[in-house]
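A short write-up of the structure that comes next.
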Amino acid sequence: LFGGPATLANVTIAVITSDPEIVLNPATGLITLLPDQPAGTYTVTYEICSIVPPVICDQATETVVQLPRPGIEVTKIQNVVDDGDGITGVGDRIDYTITVENTGNVPLTNLVLNDTLTSLASAPLTLDSGPSFVSATASSPAGDLQIAEVATYTASYTLTIASVTDGGVSNTVTATALPVYGPGVIGTPTPISDVSDDGIDSDGNTTDDPTVL
């Protein structure tokens, strides 16, 4: 102002237009992006006017960039369906429910699940079915996840003499997906992945522990 710095002592600030996710405080000049916003650019256009005389004004637009923060979390829980003999053993079926959540601030695509099933003696086993896509909370098709969306998959395995002799089974699934960077998002997307948790935190292990029977 008049060849010197504009300060809150000699100018006023007024917001002209603003994205709803960004806030400019006229009393301080502080511009803040609200937390947990999707990756991208956000703008606010504002005007400063001299206090004395109150007719000298100019406008500017400020752009705030929220960087991408991709995230994925997969959980696998089990339910044993007894074959009617009342004993957990040969012929009983294990039904697995797998949930995959997009915990980041960008969409995900090309979601793939890789399942690893072994006996407790580390002998490789094969699922009878699945993982099969069931649904997603935001109605995305299989392979896509919007921000905060959760997809559900199912799988099953029937206990055999070999798996029971080895003391049971251990199952994990690894979810891998590619982040989607829209217009204005900085960087190059690279695949992200997560190994499943069993959904039981009381065992002292809260992340990436196998689902064991």
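Being under 28 Å from ARG69 (Cα atoms) and open to solvent by 30 Å² or more (accessible area, probe 1.4 Å) is a property that does not hold for ALA162. Could you please let me know if PRO68 is crowded, with 19+ Cβ neighbours inside 10 Å and under 30 Å from ILE22 (Cβ atoms)? When the stated conditions are applied, PRO68 passes them.
The set of residues in segment 79-98 that are assigned to a strand (DSSP E or B) and open to solvent by 60 Å² or more (accessible area, probe 1.4 Å) comprises ASN79, ARG93. Of GLU73, GLU101, all but one fail to be open to solvent by 30 Å² or more (accessible area, probe 1.4 Å), at pLDDT 95 or above, under 14 Å from VAL173 (Cβ atoms) and out of contact with any Leu (no Cβ under 9 Å at 6 or more places or on another chain); the exception is GLU73. Of the residues screened, LEU111 is not one that is in contact with a Leu (Cβ under 8 Å, 6 or more places away or on another chain) and over 26 Å from PRO189 (Cα atoms). Of the residues making up segment 1-55, those that are of a type in the set (Ser, Thr, Tyr) and not in a strand (DSSP E or B) are THR7, THR28.
Counting residues in segment 119-128 that are within 26 Å of the chain's Cα centre (by Cα) and either touching a residue at least 40 places away in the same chain (Cβ under 8 Å) or outside any helix (DSSP H, G or I) (or both) gives zero. Residues being aliphatic (A, V, I, L, M), modelled with pLDDT of 95 or more and part of a loop (DSSP other than H, G, I, E, B) are entirely absent from segment 163-178.
Quick check on segment 137-156. Is at least one of its residues at pLDDT below 95 and either open to solvent by less than 50 Å² (accessible area, probe 1.4 Å) or not basic (Lys, Arg) (or both)? No, there is no match, as no residue in segment 137-156 is at pLDDT below 95 and either open to solvent by less than 50 Å² (accessible area, probe 1.4 Å) or not basic (Lys, Arg) (or both).
The single condition among (1) at pLDDT 95 or above; (2) in a loop (DSSP other than H, G, I, E, B) that VAL185 does not satisfy is (1).
The values are calculated or read from the model by the stated rules, or taken from the named source; none is laboratory data. Keep in mind the model is a prediction, meaning the values are calculated, not measured. Note: ideal-geometry Cβ built from the backbone for every residue, glycine included; neighbour counts use all protein chains shown. In case anyone asks, the SASA skips ligands and DNA or RNA and just uses the protein heavy atoms, side chains included. Shrake-Rupley method; radii C 1.70, N 1.55, O 1.52, S 1.80 Å.
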